[in-house]
1. Only one of (1) touching a helix residue (DSSP H, G or I) at 6+ places or on another chain (Cβ under 7 Å); (2) not in a loop (DSSP other than H, G, I, E, B) is not met by Q180, so which one is it?
2. Name every residue in segment 152-194 that is over 24 Å from V97 (Cβ atoms) and of a type in the set (D, E, K, R), in order of residue number.
3. How many residues does segment 156-206 hold that are under 21 Å from G146 (Cβ atoms) and among the charged types (D, E, K, R)?
4. Could you list, in sequence order, the residues of segment 114-164 that are under 19 Å from P73 (Cα atoms) and open to solvent by 30 Å² or more (accessible area, probe 1.4 Å)?
5. Filter segment 141-167 down to residues that are in a helix (DSSP H, G or I) and of a type in the set (A, V, I, L, M) and give me whichever is nearest to T85 (Cα to Cα).
6. Can you name every residue in segment 123-140 that is free of Cβ contacts under 8 Å to residues at least 40 places away in the same chain and not in a helix (DSSP H, G or I)?
Amino acid sequence: MHSSITKAVLFSSVFLFTGCSSLESAWNSMIGDDSPKASATAPQTQSESPKAKSPKAEMAESQNAIKQAENLPRFEYILLDTQYTAFLNPQPELIKVNKGSETTTFAYKNGALTLVEHQQQRYRAEDKNIPPSLVQEGAKLQKILGLNSADKNAENIKTGSDAKLNYLCITKLQQVAQTQRVFRSSANMAKSDSRLIADVRLNGNQFYKMDCQLSGNRVAKLSLSKK
């Protein structure tokens, strides 16, 4: 008898425990289980985008680039009272234009104009207030003051030093004057294989005295003065 009562109590306990577990599961399914669940993956952090440089930092970087460019090989062109100096690598990275007491500076990077300094004003190429005339002049000067095909292939010229000097100087004059109509009308007054001083006529009616100087296989300086 005692054994039967004990078995009955144990059976009831098991049933009650099982029933409570089932009831809890049913209750949770009805109301939703709000207990926090462990996340399968850690939240991803967004990579920070690089901060844009401030105008002050960009200007400081440009000034440093200008100082470095001033150590590059240069080509100097003088037309009457205006002096153009291009710093080459091998095309212009920096061009300075001096006329009287006024200096205008054009800086370039990868062939594109980046900075202009003019009349104590400094402009970035993308600035909306940069005068269009300065942008146009910067593009023009880069074209006429850079290396031309004659400069690049001077080592292959096998016509003699005098003919080579004449070819390099006349070709450079055509480039900076932007005309093919160049006529040399006198002998070389410098009597040198690296310098040509001669009378020239441009476009049929412009008369100058040309002084052209080589540095190695390229024209380093070219000046035009009135006869």
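1. (2)
2. Residues satisfying the conditions are K152, E155, K158, D162, K164, R181, R184, K191, D193.
3. So the count comes out to 2.
4. Q142, K143, L147, S149, K152, N153, E155
5. Of everything passing the filter in segment 141-167, L145 is nearest to T85 (Cα to Cα).
6. Result: Y123, A125, E126, D127, K128, N129, I130, P131.
The values are calculated or read from the model by the stated rules, or taken from the named source; none is laboratory data. Not measured: the values here are computed from a predicted model. Methodologically, a virtual Cβ is constructed for each residue, glycine included, from the backbone with ideal geometry; neighbour enumeration extends over all protein chains shown. In case anyone asks, the SASA skips ligands and DNA or RNA and just uses the protein heavy atoms, side chains included. Shrake-Rupley method; radii C 1.70, N 1.55, O 1.52, S 1.80 Å.
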